[in-house]
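Please read the structure below before turning to the comments.
The values are calculated or read from the model by the stated rules, or taken from the named source; none is laboratory data. Quick caveat, the model's predicted, so the values are computed rather than measured. Here the Cβ positions follow ideal geometry from the backbone for every residue, glycine too, while neighbour counts run over all protein chains shown. Side chains are part of the model used for accessible areas, which takes the heavy atoms of the whole protein and leaves out ligands, DNA and RNA. Shrake-Rupley method; radii C 1.70, N 1.55, O 1.52, S 1.80 Å.
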Amino acid sequence: MANRTDPTARSVHGTNPQNLVEKILRSKIYQNTYWKEQCFGLTAETLVDKAMELDHFGGTFGGNRKATPFMCLILKMLQIQPEKEIVVEFIKNEDYKYVRILGAFYLRLVGKPTDVYHYLEPLYNDYRKIRRKNADGAFSLDHVDEFIDELLTQDYSCDIALPRVPRRWTLENTGTLEPRRSALEDDFEEEEEKEEEEPAPAPEQAEYEKERRRSRSPVKEREREKDRDRDRYRDYRDRDRERDRDRDRDRERDRDRDRDRERDRDRGRDYYRERERDKERDLYRDRDRDKERDYYRRDRDRDRDRDRDRYRERDRRRLSRSRSRSRERRDRDRDQRSLSPVDRRKRYRSPSPPPSRRRRGEDDGPLEEGEHRVAKEEEKKKKKDKRDKDKPPEKNGSVAGDGTDHPDPEIAEANRVRAALGLKPLRV
């Protein structure tokens, strides 16, 4: 809040008055102890007391470029923006020379060109000595008129870029500023009046006095002043042209440097972009490789699971087949144990006779070695006898002992199954 511009202050040259001081210098002033302790709460009335205490002027000094009290008060005046009458009183003060140059510097920053020439040119007659603090911290001797000439002719003073003002002869040609009147014109006029009152001298003496008077007349002096101003303007113009040429050269050099820097930055950006693109490409490639690897791994696991299921199913089938075989073997063993030796021999005898005993029917084709043909009636008779012979003996003239000849076909079928399993027949 202490560093803000007064809300009632008007803009100067289209900007905030404090912006007339460069930002770096302004920040150094804000950090200065003199600004914090002595300039806090100052007004236009109390600022005069601080200005009267000044004993030197300057911009910044030292290795850390510390601001002088003179610059602190200048920034304070830009912040509170005192009235023009107060600034004019500062300039007209003849007792305190630092108060005068403080007002002159402030008017040079914020004043109009006509006001600058009108109020600062009379200070050319002030030849008092003042102390300037240089950048290395040492003091140097200066004069008020030299400082005023620096303000009117230079573009930079006390580490501050001064606002540009037109040349005097330009303002005179446009009629906004009257020609400068020398302070010696009144003395010349008085001297001419005294010479007119004296008696006429000899012709040679009169011619000499006339030439001397003509050379010292205000008109000649004014013409000489104009010639000097014109020469000075020509020098300033040449200097400005040279400065503009140097500035253009520096600007072109800075532009080339910026172009090179931008090109290097673009190269670096393209390099990093290409590297990021390569990283993304590698990432996508790794991701695709991982996907493919996962796909193959899933296929391999699926095939392994399928093979495992197939082997398990095969083992289960083998186990069930072996169990069924074991069960059949147990049943067969049990059945064999339950049968008599004669029945066991009858059941498990070979169904086909040896080749020497085989017989052929009438329609079985030609006979082979060791075979003979049998009639059909004889073959049927033998089969019937064999079937009757294989029947078990009946008990009490009813059913067979194993119950297969039971009158009820369901019971007979159940008995046959039980007989095959080696179980006892049903007794009904």
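Mind checking the full-extension length gain between A161 and H143? Use 0.36 nm per residue of separation minus the Cα-Cα distance, one decimal, nm.
Additional length available on full extension: 4.4 nm.
Would you work out what percent of the accessible area of the stretch 1-153, with all protein chains in place, is carbon or sulfur (probe 1.4 Å)?
Here carbon and sulfur together make up 50 percent of the probe-accessible area.
Sticking with the crude label model, points 7 Å out along Cα→Cβ, report the distance from I24 to K36 in nm, one decimal please.
In this crude label model, I24 to K36 measures out at 2.3 nm.
Between E292 and L421, what FRET efficiency follows from the Cβ-Cβ distance if R0 is 35 Å, with the result rounded to 0.05?
For R0 = 35 Å, the calculated efficiency reads 0.05.
Which residues' amide hydrogens lie under 5 Å from the amide hydrogen of I130, considering only partners 5 or more residues apart or on another chain, with H built in the peptide plane?
Correct list: D142, H143, V144.
Can you tell me the length gained on complete extension of the stretch D238 to Y311, counting 0.36 nm per residue apart and subtracting the Cα distance?
So the extension gain works out to 15.7 nm.
Mean 1/r over all different Cα pairs, inverted: what Kirkwood radius does the stretch 62-125 give, in Å?
It is 12.4 Å.
Once you've got the Cα coordinates, tell me which of K28/K50; K36/K133; K28/K129; K97/K226; K66/K97 are over 26 Å apart. Let's see the in-between values first.
On the way: K28/K50 20 Å; K36/K133 21 Å; K28/K129 28 Å; K97/K226 30 Å; K66/K97 23 Å.
Flagged as over cut-off: K28/K129; K97/K226.
For the stretch 1-111, what Kirkwood radius comes out of the mean inverse Cα-Cα distance, in Å?
Values: mean 1/r = 0.0708 Å⁻¹.
Over the stretch 1-111, the inverse of the mean reciprocal pair distance is 14.1 Å.
Give me the percent of accessible area attributable to carbon and sulfur for the stretch 241-332, probe 1.4 angstrom.
Roughly 42 percent of what the probe reaches on the stretch 241-332 is carbon or sulfur.
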